[in-house]
Amino acid sequence: MPTANLQHPQKILIIRLTSIGDIILSFPLIRSLKQHFPLAQIDFLVAAQFEELLQPVRPLISSVIPYDKTRDRDEIRRLRNQIKGDDYDFILDIHNNLRSRRLLFGLRVPVFRIRKYLVRRCLYVKFGWKSIYPEIPVYRKYLRASPVKLPEPVSFEIEDFHEPEIEARLRAEIPALSASAKSIILFPGARHFTKRWPLEYYEALIRLILKKTAWNVIIGGDAGEAEYIRGMAILSHPRVTNICGKYSLLDTIVLIRHCDFVVSNDSAPMHIAALFGKPQVAIFGNTHRRFGFAPLNPTAVIIENNDLKCRPCSHIGFEKCPKGHLKCLREISPERVFDEIIIET
């Protein structure tokens with residue numbers, strides 16, 4: 001394919017199938033591509049359950065191509081045929097896993113992939129060799145996947161995102177959003193146990209907020225996390241609203257957009273809060289910001305335990321602490337988190 005097609009493409013496909021944080025971190029790539037190639041058609045292939053996550057950048061995307069993971073083999077065949085017929089000038093595979101490679105196998109289209117530094121990451125985690133693993137934010141790795149040098153975004157924050165109908169519905173259903181007092185939303189859950197600040201610490205933090213401020217507290221999370229927080233005694237307090245499992249992904253995005261403060265673990269809501277520049281505290285457990293997933297938000301405060309030799313023990317997380325003590329999270333007190341919230345506000 002002539003070089004001119006790479007320098008002046010008419011059609012570009014981005015592939016990032018999952019997960020929430022990784023997809024959000026692709027937004028600077030989408031914005032930079034649109035800035036550099038304003039006339040190009042930019043399509044995005046994503047797992048169907050995350051399609052609405054692209055809504056904040058939907059005006060920049062010509063077509064969202066949903067991938068149905070439940071029909072894996074047939075779906076890959078269908079999508080491969082669709083991609084083949086769409087005549088893309090190049091494809092950016094910023095997922096770069098077995099499934100995305102299967103999707104593109106045999107296609108005669110230039111494909112450019114994110115560099116993951118898997119061996120270096122493994123050596124960093126296993127032996128603590130910091131110098132061997134480059135500290136590159138994930139969004140920048142995505143930008144570097146492009147065959148042409150793309151401009152760095154001035155800001156990660158998206159200001160022109162509005163869903164008035166959803167906002168009006170949420171304000172009617174969640175009185176804390178319409179109250180005169182500020183609202184703080186907390187997300188105690190995370191996919192992996194070693195990313196979850198202990199639930200009793202979250203409850204202690206909420207009691208501090210209720211005692212020392214006039215704020216209303218909202219507790220968020222998906223349907224799978226509703227059972228996880230069910231035992232919190234604080235849920236019955238009149239200034240606490242539990243919305244776990246009650247709202248869609250897009251609803252949650254709009255909700256975070258209109259809260260005054262966000263507290264979360266190193267999880268998807270952390271990136272959503274950063275997307276809107278919300279004042280936030282992010283609590284890191286067994287993972288480390290060096291992996292490139294720190295919130296891209298100048299107002300964000302990351303709280304982590306840097307005194308442990310066993311951290312990081314994984315770039316994702318485990319279902320139990322390999323050492324059995326979970327000191328990376330248990331040594332972060334509710335008072336320390338509360339102090340950061342007050343300082344930030």
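Taking max minus min of the alpha-carbon positions on each principal axis, region 1-137 gives extents of 46, 36, 32 Å, largest first.
Sparse packing (at most 16 other Cβ atoms within 10 Å of the Cβ) combined with a DSSP loop state is found for the following chymotrypsin sites (Phe, Trp or Tyr not before Pro) in region 243-328: F318. Taking other Cβ atoms within 10 Å as a rough exposure proxy, C321, C122, C328 sort from fewest to most as C122, C321, C328.
For region 164-344, the Cβ-based charge dipole about the Cα centre amounts to some 340 debye (Lys, Arg positive; Asp, Glu negative; other atoms uncharged).
Restricting region 242-345 to trypsin sites (Lys or Arg not before Pro) that sit in a DSSP loop and have at most 16 other Cβ atoms within 10 Å of their own Cβ leaves K246, K309, K320, K323. Considering only Cα-Cα distances, which of the following residue pairs are longer than 27 Å: K130/K323; K195/K309; K11/K278; K130/K320; K116/K309? With Cα atoms farther than 27 Å apart: K11/K278.
Readers should treat all values here as calculations from the given coordinates under stated rules, not as data from a laboratory. Because the structure is predicted, anything quoted here is derived from the model rather than measured. A quick note on method: Cβ atoms are made from the backbone with ideal geometry, for glycine too, and the neighbour counts reach across all protein chains shown.
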